[in-house]
Amino acid sequence: MSIKAKMMYITIKYRHLFKGQLLPEVIDKNTSIEKQRQDCDETAERFFKPIKGISFKASDYREFYAEWVEIENAPEEKAVLYFHGGGFVMGNARSHRNIVGNFVKHLGIKALVFDYRLAPEHPAPAAVNDSAAIYCWLLERGFKPENIAFAGDSAGGGIALATLLKCRDDGIPLPGVCAVFSPCTDMTISGESHKTREKSDPCTPKGANETYTGYYVGDGNPRHPYASPLFGDLTGLPPIIIQVGNNETLRDDSTCYAKKAKESGVDIQFKIWKGMFHCFPLLAPMFPEASEALEEVCQFIRKKLER
């Protein structure tokens, strides 16, 4: 683990001290989701920095807000459909501009980021239905499925994987590749890492996984594949790459999904990074491990879209 990665780990783990709080945050049903959404948006706006060569432009999709994140000299025929994270309850295209802009800069392909409906107001499968709808819109605009990549982080990664299942089930042509960072795939929270990595996870507040997944499932079945893609039939899915850290409670959401995908015949590339934490590749180039992991993802996407 590099010195820069260790410094980032410590900064994230003890971030409550920088806010003047003696104890880490705890998330439960009494936590204000509206306040969390406001804090998420304000923090994203405060730390947003323009990225050279990257522009943000509202799309003409009419059902909900979506924006293009574009890079100069990108191939016109290719696109990434990006599923933002935020625990299923917060986040949007604008709050993810730094993250997606940096991703697009490294990848060299434009991305469409969109505001799927959020829980608890809109539990599963609302986000998956929205995702499938805007993917169909891309196809209607002339993008070929083999030239489209799905990509997403955390909750968004889980929604991306579930959207693959819905598209396959509905007979919609699948994208050429899917890349996810620390995806949430199991709303039953059955993975051992939810217990074994609770103390070492610097990112996820105590109670967050239970609270957010509970909101996302609502009154539905937590094992439904459109909520928990881990429990779906994974046969026939496109190539998938998953990057996850060893020090995160969601680790086993990835390990269990990757194992099942491989057994189902999916072309899957999966890596657990020692000492790393939730969605760390998206922090590239802040420390070497993040840069290496993000480059692996970008190479995988480029290779699969060139077939």
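Quick look at the values:
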| item | result |
| --- | --- |
| Inter-residue pairs, beta-carbon under 6 Å, first without any contact (Cβ under 8 Å) to a residue 60 or more places away in the chain and in segment 250-265, second open to solvent by less than 10 Å² (accessible area, probe 1.4 Å) and in a loop (DSSP other than H, G, I, E, B), 6+ apart | LYS260/LEU234; ALA261/LEU234; SER264/LEU234 |
| Residue within segment 166-181 that is aromatic (Phe, Trp, Tyr), part of a strand (DSSP E or B), within 8 Å of the chain's Cα centre (by Cα) and modelled with pLDDT of 95 or more present | yes |
| So THR185, is it under 22 Å from LYS304 (Cβ atoms), assigned to a helix (DSSP H, G or I) and among the polar types (S, T, N, Q) | no |
| Among the candidates GLY152, GLY87, residue that is within 21 Å of PHE64 (Cα to Cα) and open to solvent by 10 Å² or more (accessible area, probe 1.4 Å) | GLY87 |
| Verdict on LYS260 being at pLDDT 95 or above, buried (at least 18 other Cβ atoms within 10 Å of the Cβ), over 17 Å from the mean Cα position of the chain (by Cα) and not aromatic (Phe, Trp, Tyr) | yes |
| Test: residue in segment 213-232 that is modelled with pLDDT of 95 or more, charged (D, E, K, R), touching a helix residue (DSSP H, G or I) at 6+ places or on another chain (Cβ under 6 Å) and part of a loop (DSSP other than H, G, I, E, B) | yes |
| Matching residues, segment 244-273, being farther than 15 Å from PHE181 by Cα and of a type in the set (D, E, K, R) | LYS259, LYS260, LYS262, GLU263, ASP267 |
| Selection count where residues are open to solvent by 40 Å² or more (accessible area, probe 1.4 Å), charged (D, E, K, R) and more than 27 Å from TYR215 (Cβ to Cβ), scope segment 99-143 | 3 |
| Residue list for segment 144-177, restricted to those being under 18 Å from PHE280 (Cα atoms) and of a type outside the set (Ser, Thr, Tyr) | ALA151, GLY152, ASP153, ALA155, GLY156, GLY157, GLY158 |
| The one condition in (1) at pLDDT 95 or above; (2) in a loop (DSSP other than H, G, I, E, B); (3) open to solvent by 30 Å² or more (accessible area, probe 1.4 Å); (4) under 29 Å from THR213 (Cα atoms) that ALA93 fails to fulfil | (3) |
| Every pair of residues 6+ apart whose Cβ atoms lie under 7 Å, when the first sits in segment 47-63 and is closer than 15 Å to ASN73 by Cβ while the second is loosely packed, with under 15 Cβ neighbours inside 10 Å | GLY53/GLU72 |
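The values are calculated or read from the model by the stated rules, or taken from the named source; none is laboratory data. Here the structure is a predicted model, which is why all the values come from computation and not from measurement. Positions of Cβ are backbone-derived with ideal geometry, glycine not excepted, and every protein chain shown enters the neighbour counts. Note: accessible area is taken over every heavy atom of the protein model, side chains too, but ligands, DNA and RNA are not part of it. Shrake-Rupley method; radii C 1.70, N 1.55, O 1.52, S 1.80 Å.
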